[in-house]
Structures are given as C-alpha cells and as structure tokens.
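Only one structure is covered here, and it is reproduced in the block below.
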Amino acid sequence: MVGYVCLIMRKQTSRIYSLIVGKAYRGKGIGTKLLEAAERYAISQGAEAVRLEVRCNSKALRLYQKLGYTVVEKKLNYYGDGGDAFSMNKEIVQHRIEDVETINIKRKRQNPAVTTAA
C-alpha cells in the first residue's frame, strides 16, 4: 500500500479521519498529495473547513502546519495508548473562490463567450 486518506463529510465541515502513507513511501510528497486531494473533494462538496486530530509529537503535525492547518485545542489521552492529540482546523472557503476563478479562466480559454461560473 502506498497510502490512503479517509474523509468524512458533515454539512459544511469535513473531517480527515485517517491519512496513512506506507513507510517505504514517506517523505516523497504522497501525504501532501492525498491531503490536497481530500481538500479539493471537500471544496467540491461545499465544505468550508477541514478538521483533524494528530499526535502531538509526530511528523504529520509538521505536514499539517505546513499546509495551513492550525491547532485549535489539545486533547489529553486522546489515543488508546494514552497519547495526546492536537485538534487542528483549516478554513477552505477562500480556496473555493480561487477554484471558481481558475475554472473561469479555463472556460474563457476554451470559449471566450463564457464570463462567469455556473
């Protein structure tokens, strides 16, 4: 297995339930690509934010921070082994506007008569 991401949709908020990259494939940008794909899907479904939990002292924490996630709270004893987690959030509403603008640009290139997104 190279990796997977599990995204749960709830109205205007989506939640990354799980994101895993196989040990042999880590450090190659696969986690970033999986997370970005999940965010694009969430945007397409009308989500305004993505939330997740991550172990406090993990490499994944740095990945999420690099991609714009911020710590909302610390959850003590969150994991079954007693490990703590950070609850993180990323607002993606602004990305939806950027995506619409990108769609408009592509449509105008294909058909100059198109001026607005549907």
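In the stretch 1-30, which residues are closer than 16 Å to MET88 by Cβ and touching a Gly at 6+ places or on another chain (Cβ under 7 Å)? LEU19, the sole residue that qualifies.
Every condition in (1) within 9 Å of the chain's Cα centre (by Cα); (2) surrounded by fewer than 16 Cβ atoms within 10 Å (Cβ to Cβ) holds for TYR64 except the one numbered (2). The condition (being under 12 Å from LYS90 (Cα atoms) and hydrophobic (A, V, I, L, M, F, W, C)) is satisfied by just one residue among ALA42, ALA37, ALA60: ALA42.
Is the stretch 70-84 home to any residue that is more than 19 Å from TYR4 (Cα to Cα), acidic (Asp, Glu), in contact with a strand residue (DSSP E or B) (Cβ under 7 Å, 6 or more places away or on another chain) and modelled with pLDDT of 90 or more? Within the stretch 70-84 (the criterion being more than 19 Å from TYR4 (Cα to Cα), acidic (Asp, Glu), in contact with a strand residue (DSSP E or B) (Cβ under 7 Å, 6 or more places away or on another chain) and modelled with pLDDT of 90 or more), the answer is yes, since at least one residue qualifies. Selection of the stretch 1-11 for residues being surrounded by 13 or more Cβ atoms within 10 Å (Cβ to Cβ) and modelled with pLDDT under 95 yields only MET9. Scanning the stretch 19-36 for residues that are surrounded by fewer than 11 Cβ atoms within 10 Å (Cβ to Cβ) and more than 16 Å from ARG62 (Cβ to Cβ) gives LYS23, ALA24.
Only residues that are of a type in the set (Gly, Ala, Ser) and in a loop (DSSP other than H, G, I, E, B): list them for the stretch 60-88, please.
The first filter runs over the stretch 60-88 and keeps only residues of a type in the set (Gly, Ala, Ser), leaving 60, 68, 80, 82-83, 85, 87.
If the condition is that a residue be of a type in the set (Gly, Ala, Ser) and in a loop (DSSP other than H, G, I, E, B), then GLY68, GLY80, GLY82, GLY83 are the ones that fit.
Given the condition modelled with pLDDT under 90 and part of a strand (DSSP E or B), answer yes or no: does some residue in the stretch 43-59 qualify? Steps first, answer last, please.
From the stretch 43-59, those modelled with pLDDT under 90 are 57-59; that's our starting set.
Those still in the list that are part of a strand (DSSP E or B) too: none.
No, the stretch 43-59 contains no residue that is modelled with pLDDT under 90 and part of a strand (DSSP E or B).
The values are calculated or read from the model by the stated rules, or taken from the named source; none is laboratory data. None of the values given here were measured: they were computed from a predicted structure. Reconstructed Cβ throughout: ideal geometry from the backbone, glycine too, with neighbour counts over all protein chains shown.
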